[in-house]
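Notes for the one structure printed next.
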Amino acid sequence: MARPKDREKALKLRFKGLSYSQIKSEMGLSKSTLSGWLKDYPLSDEQIKKLRDFSPQRIEKCRNTKAQKVKNRLEEVYNKITLDIGVLSEREIFIAGLFLYWGEGSKSERVTTGLSNTDPAMLRFFIKWVKILNVEDKKLHATLQLYTDMNVENEIKFWSKELGLAKNLFKKPYIKESTLAGLTYKRGFGHGTCNLRIFNRDLAEYVHMAMKRLSLMDFR
């Protein structure tokens, strides 16, 4: 009969410190059957503590509690930094834009001012910044870098909506030979890279001289 073998297996699992629920889950037996077999084999205090400490429910509750604490802490930090930053003046946006461009902007072309990024928020700031420099939206040239498994029309719609730019400002995209799904390390926001450029010699020279001025300032 299978029952003696089942009882023997249940006892072995019990001696390992498993609970009725764990043995039931592994063997498919009822708790009443296990109770009859194992009532004379209670768990030690140490085994009970181990089960309690490592139970999925307890771990999940602990994880949720920690996650909520982190969320609450970050909300407090966010509220504080919101007050610390306050409302940015046009001059502050101008200077912040210069530092952004110094770090991330295009510097290889003498007559071009441009920024590439996967983050729409970063590019929205760039658009705001160049407006302070008297650049109209229609002067912007947008080019997307996409992967072969991405829908070009959908991505143009996405970036057009996110950046508040007309779709006719988007030029023919550059399609990489690889696929987005094939990337082992997913970077960005899943909508490729958007490159915004303004072809204007005077603007480019102004920005490049501004970066030169920043590089010569004494920040020590």
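The values are calculated or read from the model by the stated rules, or taken from the named source; none is laboratory data. On a predicted model such as this, the values are computed, not experimentally measured, just so you know. With ideal geometry, Cβ positions are generated from the backbone for all residues, glycine too; neighbour counts draw on all protein chains shown.
Remarks
- Pairs, first not assigned by TED's automatic domain parsing to the domain that holds TRP102 and surrounded by 10 or more Cβ atoms within 10 Å (Cβ to Cβ) in region 205-220, second small (Gly, Ala, Ser) and part of a helix (DSSP H, G or I), C-beta under 9 Å, six or more apart: none
- Verdict on ASP137 being free of Cβ contacts under 8 Å to residues at least 60 places away in the same chain, assigned by TED's automatic domain parsing to the domain that holds ALA210, among the acidic types (Asp, Glu) and touching a Lys or Arg at 6+ places or on another chain (Cβ under 9 Å): yes
- Contacts under 9 angstrom Cβ, first residue in region 20-49 being over 16 Å from GLU8 (Cα atoms), partner of a type in the set (A, V, I, L, M) and assigned to a loop (DSSP other than H, G, I, E, B), 6 or more apart: LEU43/LEU18; GLN47/LEU18
- Qualifying residue in region 22-38 (condition: aromatic (Phe, Trp, Tyr), surrounded by 10 or more Cβ atoms within 10 Å (Cβ to Cβ), under 44 Å from the mean Cα position of the chain (by Cα) and more than 30 Å from TYR206 (Cβ to Cβ)): no
- Flag for GLU136 being touching a strand residue (DSSP E or B) at 6+ places or on another chain (Cβ under 7 Å), charged (D, E, K, R) and either loosely packed, with under 12 Cβ neighbours inside 10 Å or more than 18 Å from GLY105 (Cβ to Cβ) (or both): no
- Some residue of region 108-122 being exposed (fewer than 14 other Cβ atoms within 10 Å of the Cβ) and part of a helix (DSSP H, G or I): yes
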